[in-house]
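Presented below is the structure to which this report refers.
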Amino acid sequence: MQALHIHSGPKALAHIREHGLLPEHIGVIPGAAGGPKGLILGPLDRFIFGEWLTQSQQQVDLVGASIGAWRMATACLNESLPAFERLEHDYIHQHYEPLAGQKRVSAMQVSEAFGQSLQAFYGGRIAEVLNHPRYKLHIVTSRGRHILHKEHPLGTPLGYAGAFLSNALHRRALGGWLERVVFSGQAAPLPFDAHDFRTRAVGLVEGNFMPALQASCSIPFALKAVHDIPGAPSGAYWDGGITDYHLHLNWNAPSKGPDRSIVLYPHFQKSVVPGWLDKALKWRHGASPFLDSTIILAPNPEWVKTLPNAKLPDRKDFMTYDRDLAGRVKVWNAAARASQQLADEFSHWLQNPNASMVQPL
């Protein structure tokens, strides 16, 4: 069964028909939030960054939220292939036991353990990430406003309830509660037009790399917010997926030019959902002109049914397997191994980029 489906916007499809797809055509690679779902993208990451893009020399902007930020930061390490393998291993094997006398793991406990994991992963190597000769890293976070400016046991749930209701009325209304804050390395400009939503741009440097990356991965209530990141506006910072779940951003930046016109998006599904609070709002899951120059590499839904439990790994697996770490590791490893087929099929398609195999977004 074909595992990989390739989808594209109309401009990207026209580009494929005229030029094919070469590594030097790529200007941006986004990395979506989505937790364990991102595990199936490991082989694609290793192929794209470890083999394919090495055949070109242009600058590429890497934009990530949550696990996507972790993946994109990993791509900037000098030895990215073993780093991607370690990311996959560490993510699959993460496990938290409740402290003595407690029935469940606390958000503080998860945050402290995750911070230690990031330190072990990137400690002593932040300069590699920030000074990559080709890749410019952009980490997306969500900063609380007004009642969400500081994490509070009562104020935070009330604030997120208000954010949910406001977002249901209009996505821009979410900006009254949360704003997008993007930390960009090497003083790189944002590779997208940010007028769609309240946005701030902040420099990504060694002094704020760890807290910015942890904030981008800090799911509300599952982890603690990261407060007062150095060099950024004060306040509480949460998972970048809250404002930008799948980075449905306006990638039609005119500065990219014809030779860097393509956004290559390894994703775990066809649809690009704007914000985490939009997951249930199906009318916001369709494509928009923002994605006209985007190519999405996504698993065939029928192939997904062949994976363990007939689905992608997801956060519910933590509850399903509870303390059965070995059981969860087994099914997540199986899904990660099976996803090598995605990378193999993309590599094969690149040898003859047949536009007839590309589906619309």
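Values in this text are rule-based calculations from the coordinates and carry no lab data. Computed from a predicted structure; not experimentally measured. Note that we place each Cβ from the backbone using ideal geometry, even for glycine, and neighbour counts take in every protein chain shown.
Translational diffusion coefficient, Stokes-Einstein: compute it for segment 1-96 using the Kirkwood radius over C-alpha pairs as Rh, at 4 °C and 1.567 mPa s, and state it as an integer in µm² s⁻¹. Numbers along the way, then the final one.
On the way: Rh = 14.7 Å.
Rounded to a whole number, D works out at 88 µm²/s.
Find the relative contact order for segment 116-261 and round it to a whole percent, using C-alpha pairs within less than 8 Å whose residues are 6+ positions apart.
28 percent
Which of the peptides 176-187, 104-115 is most tightly packed, and how do the rest follow, going by the mean number of other Cβ atoms within 10 Å of each residue? Numbers along the way, then the final one.
Details: 176-187: 21.6, 104-115: 15.3.
In descending order of packing, they fall as 176-187, 104-115.
Quick one: plug the Kirkwood hydrodynamic radius of the chain (C-alpha pairs) into Stokes-Einstein at 20 °C, 1.002 mPa s, and report D in µm²/s.
The estimated diffusion coefficient comes to 104 µm²/s.
For Cα pairs less than 8 Å apart in space and 6+ apart in sequence, what is the mean separation divided by the residue count of segment 4-360, i.e. the relative contact order in percent?
Over segment 4-360, the number comes to 28 percent.
What order do you get for 190-202, 220-232 when each peptide is scored by the mean count of other beta carbon atoms within 10 Å, highest first?
On the way: 190-202: 17.2, 220-232: 18.9.
Highest to lowest by the protection proxy: 220-232, 190-202.
Could you give the dipole magnitude of segment 4-360 about its Cα centre, charging the beta-carbon of Lys and Arg +1 and that of Asp and Glu -1, in debye to the nearest 20?
Roughly 880 debye, rounded to the nearest 20.
Give the lysines reachable from Lys311 as a straight Cα distance under 22 Å; neighbours fewer than 8 places away on the same chain don't count.
Hits, sequence-local ones excluded: Lys37, Lys270, Lys279, Lys282, Lys330.
Which value in deg cm²/dmol, rounded to the nearest 500, describes the helix-derived mean residue ellipticity at 222 nm for the chain, given -39,500 (n - 2.57) per DSSP H run of n ≥ 4 and division by the residue count?
The helix-only estimate for the chain comes to -10000 deg cm²/dmol at 222 nm.
Fewest Cβ neighbours within 10 Å first, please rank His95, His7 accordingly.
Ascending Cβ contact count within 10 Å gives the list His95, His7.
What ranking do 286-292, 210-216, 62-68 get when scored by the average of other Cβ atoms within 10 Å per residue, highest first? Could the numbers behind the result be given before it?
Details: 286-292: 17.4, 210-216: 25.9, 62-68: 29.1.
Highest mean packing first, the order is 62-68, 210-216, 286-292.
In what order do Tyr245, Tyr237 fall by count of nearby beta-carbon atoms within 10 Å, going from fewest to most?
Starting with the residue having the fewest Cβ neighbours, the order is Tyr245, Tyr237.
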